[in-house]
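The values are calculated or read from the model by the stated rules, or taken from the named source; none is laboratory data. All of these numbers come straight from a predicted model, not from anything done at the bench. For neighbour counting, all protein chains shown are included, and Cβ atoms are generated from backbone atoms with ideal geometry for every residue, glycine included. Only protein heavy atoms, including side chains, enter the accessible area calculation; ligands, DNA and RNA are left aside. Shrake-Rupley method; radii C 1.70, N 1.55, O 1.52, S 1.80 Å.
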Amino acid sequence: MSNFVAELDKLYRQGLQVLSDVEYDALVRIYGEGEDLVSDGGEIPHETRLYSLDKKYQGDELPADLSKYVKTVKLDGAAISLLYVNGKLVRALTRGDGFKGNDVTMKMLLVPSIPKEIYGFSEYTQIDGEFVTSKQVENDRNYATGTLNTKELGEFCQKVADGGLIFVPTNIQEKASGVWHPYGKTYSQALFALKFAGFISVLDSEVLCNCPSDGQVFRLDLNSEYIAAGFTSKFPKGAFALKQKDEEYETTLLDVVWQVGRTGKVTPVAILEPVQIEDAVIKQATLNNIEYIEALGLELGCRVKIVRAGKIIPKVVARAD
């Protein structure tokens, strides 16, 4: 029995039937009778892949006609995919590597902003989005991920309340005649349908004003054009994220130490005079390799410029003196 099925069985024995016979039969049709819903490593395949977004920065060349695109805020939380079968939420997965994710179904069933039932959609519907804070909390960009890793459901619910954690959908796909495709004729139509279904809209700037974000997302509105644009191995060509370049900060390089990673690779790490960057005090930063150190002309005691790449990873990018 998979972890997912075991949790459903546990709730059923407590008198809480999460799935009806119809929905259970639908899952069997997806995976096959007797199949384990959890693959090796405790991960479950997404019904449709969760792609990354191509990143562009202010000053980069952009598509000539941006009027064809829908512009939304790029939320900075934890990506989640929801699977609805016959309109009922039956599974929730973290993004993982985009192909497989960890099962967080029991937790997402407890999130108030996620409708447990939706109407007017196909038998199989996957809704992807961001699980993100809507209140001012320390380390808000990592708060959602940390909350997902909480083991006790009671503690999880408390953290959801404390951080104002909400789910904001950014994509919806449905299965018809055995094929997954974007919902509706346009992306605008899909976003309207999601709001009508009871989700928080990614276009609702007043609700999302306190949520951590790191840019804007542009997506072709016509789904036919979006599909025709194609995909690379990592991202769709019909959408991109527009971000501001990471702000540079100066500090002093105090030392360089060598650390052994999980794979056995040895890499240099800069020990820095502590510097405040947004909500974090940075004391260390990556240096990549010895060639990178030599190329920047670094030496102990010199001033260096650092950025927090992607608002997360501290990195030395240049010598400042």
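General remarks:
- Those residues of the range 228-269 which are over 30 Å from GLY59 (Cα atoms) and at pLDDT 85 or above, in sequence order: LEU253, LEU254, ASP255, VAL256, VAL257, TRP258, PRO268, VAL269
- Matching residues in the range 293-320 - criterion: being open to solvent by less than 50 Å² (accessible area, probe 1.4 Å) and either over 23 Å from GLY215 (Cα atoms) or modelled with pLDDT of 90 or more (or both): ILE293, LEU296, GLY297, LEU298, CYS302, VAL304, ALA318, ALA320
- Tally of residues being in contact with a helix residue (DSSP H, G or I) (Cβ under 7 Å, 6 or more places away or on another chain) and open to solvent by 20 Å² or more (accessible area, probe 1.4 Å) across the range 90-122: 6
- The range 223-236, residues that are open to solvent by 60 Å² or more (accessible area, probe 1.4 Å) and either touching an Asp or Glu at 6+ places or on another chain (Cβ under 7 Å) or closer than 17 Å to LYS71 by Cβ (or both): GLU225
- Any chance ILE290 is of a type outside the set (Ser, Thr, Tyr) and open to solvent by less than 70 Å² (accessible area, probe 1.4 Å): no
- Between LEU194, LEU253, the distinction of being open to solvent by less than 20 Å² (accessible area, probe 1.4 Å), more than 24 Å from the chain's Cα centre (by Cα) and in contact (Cβ under 8 Å) with a residue 60 or more places away in the chain belongs to LEU253 only.
- Condition broken by ASP204, with the remaining ones in (1) of a type outside the set (A, V, I, L, M, F, W, C); (2) under 28 Å from GLY87 (Cα atoms); (3) open to solvent by 80 Å² or more (accessible area, probe 1.4 Å) satisfied: (3)
- Against the criterion of being more than 16 Å from THR125 (Cα to Cα) and exposed (fewer than 15 other Cβ atoms within 10 Å of the Cβ), THR186 does not qualify.
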